[in-house]
Amino acid sequence: MSDFDLVIRGGTVVTASEQFRADVGISGGRIAAVGAKLDGAASIDAGGLLVMPGGVDSHCHIEQLQAGGGADEETFETGSTACFAGGTTSVVTFSTQFKGGGILGPLAEYRQRARKAMVDYAFHQIVTDPTDEVIRHDIPQAVASGVRSLKVFLTYDPLHLNDKQYLRVLGAARRLGALVTVHCENYDAIGWRTAGLLAAGRTAPMYHTWSRPEIVEREATHRAIALAELVDTPIQVFHVSCAAAAEEIARAQARGVKVWGETCPQYFVLSAADLDRPGFEGAKFMCSPAPRDAAATAALWDAIRLGTLDVVSSDHSGWSYGGTRGKQVNGIDASFPDVPNGVPGLASRLAILFSEGVGAGRISASDFVRLTSTQPAKIFGLHPRKGSIMPGADADIVLWDPTKKVTISNDLMQHAIDYTPYEGREVTGWPVATIRRGEVVMRDGVVQAPPGSGEYLAVAPYDLIRPRGVLPNGFDASAFAD
Ligand SMILES: [Zn+2]
């Protein structure tokens, strides 16, 4: 009789801290043993391959509800397919709130849509309108249902919060044991520069980058951290794009503040010059913060090496380039503020980071696992079930060929979006199989998983995001005023 349902044989296991040759034994969807010469009812030969925990993409917009009804083009089915194609097995996606409405209605609809997922999924809850009812009733209910991360925007119409609103969300998070994730850019500064650019006739996609220079990101990052420190609530700063913002995070970390920083592949390989491509094509590369330049990219690698930034997510936010509902929803010559923001990246995230990071000698394979799987799982309360290869963990595994050269094309992405910003880019290193809870869901690019086989990950309280207990005058205002 075999000891295990499945054995992954002869590969190099890579964890966030070490690499070693071992077999991995899987039973009942979980990792049952890591060791030598394991015997299974079935086996996969992983000779020459890296055996790594499946990717955890802790920031991606999939089937997100849109104001006025409907949802993003990327559905939970297409998004799951793209994830598996790229080696990712768990995601954290976004339930949203529309100004003037509550949280629980959209959360219920979103939960319903997510039932089609094949990846395992947890939710962030976006808060755009922290009314008394939302603060006192809706957010506690959402957290009780396992949504332990609140997302706020400091810019974007109609999503942004002012400082008082942001403080209220921080206070609620502190009382409830939730993490706050923050999009850091200065709303008024961007609006002011945008008005000037439009008045000057500078409307092309390129001017999106001019509307939001590094200064507006740096200022908002500083403010987001300062207010979080005032309330004593841990935060993660999303999509850090430049040295100036990373420096704010590093300074706060040096003071002991619980602030984490995330970045995304687009900030390593895209630049403002991509938005300056002829015609309207620059819209394909339009995201916020905007891609910057070679100096910013170099600084991000430094911030990764120093540990200031410890998560690389996709911030997948897919809008097709053609058609009438994506980048061209307002026409082929729309002014930059009228073009939807975001780039797709579910399937390309791991390959780009591996190639640019491990392939180029900037980080180790263990660093890669830590940045793309283990640390996001830890920060969002999914560890050790997700993000690790050890007995008891879910058998979420990607088998990775570190030497395979692939030219990225949109058909390899297997998403709902009609383009990838990385078309034609050559990478070294590619996933050859993805295993989710012990089932092979992707092999040589062919994804096979029944819709609805993904599981909702309700997040229980966890220690990492416990407040430090450090408050001005030792006084916790959030305990007395919400
Ligand atoms: Zn995002």
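The values are calculated or read from the model by the stated rules, or taken from the named source; none is laboratory data. Just so we're clear, the structure is a prediction, and the values are computed from it rather than from any experiment. In this analysis, Cβ positions are derived from the backbone assuming ideal geometry, glycine residues included, and neighbour counts consider all displayed protein chains.
Kindly provide the set of residues from segment 317-339 that are under 20 Å from Ala416 (Cβ atoms), in a loop (DSSP other than H, G, I, E, B) and touching an Asp or Glu at 6+ places or on another chain (Cβ under 9 Å), ordered by number.
Of segment 317-339, the ones under 20 Å from Ala416 (Cβ atoms) are 317-329, 339.
The next check asks that each one be in a loop (DSSP other than H, G, I, E, B); those that pass are 318-329, 339.
Hits for segment 317-339 are Gly318, Trp319, Ser320, Tyr321, Gly322, Gly323, Arg325, Gly326, Val329.
When only residues in segment 205-226 that are closer than 24 Å to Asp476 by Cα and surrounded by fewer than 20 Cβ atoms within 10 Å (Cβ to Cβ) count, which is farthest from the ligand (Cβ to nearest atom)?
That would be Ala226.
Scan segment 86-107 residue by residue and report those that are surrounded by fewer than 24 Cβ atoms within 10 Å (Cβ to Cβ) and in a helix (DSSP H, G or I).
Across segment 86-107, the qualifying residues are Leu104, Gly105, Pro106, Leu107.
Specify the residue that is farthest from the ligand (Cβ to nearest atom); the eligible residues are those in segment 71-83 that are in contact with a Lys or Arg (Cβ under 9 Å, 6 or more places away or on another chain) and more than 18 Å from Asp394 (Cα to Cα).
By that ranking, first place goes to Glu77.
Inside segment 159-179, can you point out the residues that are outside any helix (DSSP H, G or I) and surrounded by fewer than 23 Cβ atoms within 10 Å (Cβ to Cβ)?
Leu159, His160, Leu161, Asn162, Gly177
Among the residues of segment 11-25, how many are in contact with a strand residue (DSSP E or B) (Cβ under 7 Å, 6 or more places away or on another chain) and either within 16 Å of the ligand (Cβ to nearest atom) or not polar (S, T, N, Q) (or both)?
Selection size over segment 11-25: 9.
Using the structure shown, decide if Arg136 is farther than 27 Å from Ala449 by Cα and buried (at least 22 other Cβ atoms within 10 Å of the Cβ).
No.
How many residues does segment 246-289 hold that are of a type in the set (Gly, Ala, Ser), surrounded by fewer than 18 Cβ atoms within 10 Å (Cβ to Cβ) and outside any helix (DSSP H, G or I)?
2
Regarding segment 221-229, can at least one residue be identified that is in contact with a Pro (Cβ under 9 Å, 6 or more places away or on another chain) and closer than 15 Å to Leu161 by Cβ?
Checking segment 221-229: at least one residue is in contact with a Pro (Cβ under 9 Å, 6 or more places away or on another chain) and closer than 15 Å to Leu161 by Cβ.
Considering only residues of segment 26-66 that are within 16 Å of the ligand (Cβ to nearest atom) and outside any strand (DSSP E or B), which is modelled with the lowest pLDDT?
Among them, the one singled out is Gln66.
For segment 159-186, how many residues are more than 21 Å from Asp463 (Cβ to Cβ) and within 16 Å of the ligand (Cβ to nearest atom)?
Our first condition is that a residue be more than 21 Å from Asp463 (Cβ to Cβ); within segment 159-186, this holds for 159-169, 182-186.
Filter once more, keeping what is within 16 Å of the ligand (Cβ to nearest atom): 159-161, 182-185.
So the answer is 7.
Criterion first (farther than 23 Å from Ala16 by Cα, touching a Leu at 6+ places or on another chain (Cβ under 7 Å) and surrounded by 20 or more Cβ atoms within 10 Å (Cβ to Cβ)) does Ser80 satisfy it?
On the way: farther than 23 Å from Ala16 by Cα: yes; touching a Leu at 6+ places or on another chain (Cβ under 7 Å): no; surrounded by 20 or more Cβ atoms within 10 Å (Cβ to Cβ): yes.
No, not satisfied.
Taking interchain pairs and intrachain pairs at least six residues apart, which have beta carbon atoms under 6 angstrom, with the first residue in segment 233-248 and more than 22 Å from Pro472 (Cβ to Cβ) and modelled with pLDDT of 95 or more and the second away from the ligand (no atom under 15 Å from the Cβ) and among the small types (Gly, Ala, Ser)?
Val240/Ala246; Cys242/Ala296; Ala243/Ala299; Ala246/Ala303
Give just the number: which of (1) crowded, with 24+ Cβ neighbours inside 10 Å; (2) in a helix (DSSP H, G or I); (3) within 16 Å of the ligand (Cβ to nearest atom) does Tyr110 not satisfy?
The single condition Tyr110 does not satisfy is (1).
Identify all residues within segment 311-335 that are surrounded by fewer than 24 Cβ atoms within 10 Å (Cβ to Cβ) and either over 24 Å from the mean Cα position of the chain (by Cα) or within 16 Å of the ligand (Cβ to nearest atom) (or both); write none if there are none.
Filtering segment 311-335 for residues surrounded by fewer than 24 Cβ atoms within 10 Å (Cβ to Cβ) gives 317, 320-326, 328-335.
Listed by number, the residues that qualify are Ser317, Gly322, Gly323, Thr324, Gln328, Val329, Asn330, Gly331, Ile332, Asp333, Ala334, Ser335.
Please list, ordered by residue number, the strands (runs of 3 or more DSSP E) wholly in segment 352-469 having 3 or more residues that are over 20 Å from the mean Cα position of the chain (by Cα) and among the charged types (D, E, K, R).
Details: elements: 397-407, 426-436, 439-443.
Counting at least 3 such residues, we get 397-407.
Out of Arg174, Arg168, Arg136, Arg115, I need the residue that is farther than 22 Å from Asp476 by Cβ, of a type in the set (D, E, K, R) and at pLDDT 95 or above. Which one?
Arg115
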